[in-house]
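Following: one structure in structure tokens, then a few remarks.
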Amino acid sequence: MALLLYLACPSTGGNNSDNLNEAMSKYKELLETQKSEILSALDYLEYSWKKIQSLSNEPAQLDPETLETWESFVARFARVSDIFLSKYLRTRIMMADPAFRGELRDFVNQAEKAAVITDADRWMQIRELRNKIAHEYTKNDLSKLFKDVVLLTPFLIADVRKAMS
């Protein structure tokens, strides 16, 4: 994204309008690539979501195959949330305001203001959960982790689909 700001900067020479148009074109291209990546990951998440509906989420009752199904679901949840928050949302906000700066929370708040997402606080919960997933969790934490992911998945799917439309 720094390259895009560099291209739009008048001090780089050339016509600022042309540079800005080129930067916006690059943002649009990047956004489309990210959108495609998210939609593909979302399809896999929805597949796993359907698959876990009839499964126990109690670790003591899980055989290796069922545990693998749950872990795939959790990983897909983390992947969709990560691509959406870390890539797509940032790009979309930067495209609307190339000078925007801030932490993830700032981007999430800006996305809520722009009606890209419906609930910034919920997205920050999703980010916290994604961080728990990324950093090893113990078998004792699995039941709560599974329940939390199940609770937030419908929101994640609906909000991402809304943002992609």
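The values are calculated or read from the model by the stated rules, or taken from the named source; none is laboratory data. Since we're looking at a predicted model, the values are computed, not measured. Here the Cβ positions follow ideal geometry from the backbone for every residue, glycine too, while neighbour counts run over all protein chains shown.
Of all helices (runs of 4 or more DSSP H) completely enclosed by segment 1-98, which ones contain at least 3 residues that are modelled with pLDDT of 95 or more, under 23 Å from Ala120 (Cα atoms) and of a type outside the set (S, T, N, Q)?
16-52, 64-82
Which one of Glu103, Glu65 is within 25 Å of Ser143 (Cα to Cα) and without any contact (Cβ under 8 Å) to a residue 12 or more places away in the chain? Steps first, please.
Values: Glu103 fails: within 25 Å of Ser143 (Cα to Cα).
Checking each option against the conditions leaves just Glu65.
Report every pair of residues separated by at least 6 positions or lying on different chains whose Cβ atoms are under 9 Å apart, first residue within segment 140-157 and farther than 15 Å from Gln53 by Cα, second among the hydroxyl-bearing types (Ser, Thr, Tyr) and part of a helix (DSSP H, G or I).
Leu156/Ser81
Suppose the filter is surrounded by 14 or more Cβ atoms within 10 Å (Cβ to Cβ) and under 12 Å from the mean Cα position of the chain (by Cα); does Arg122 pass it?
no
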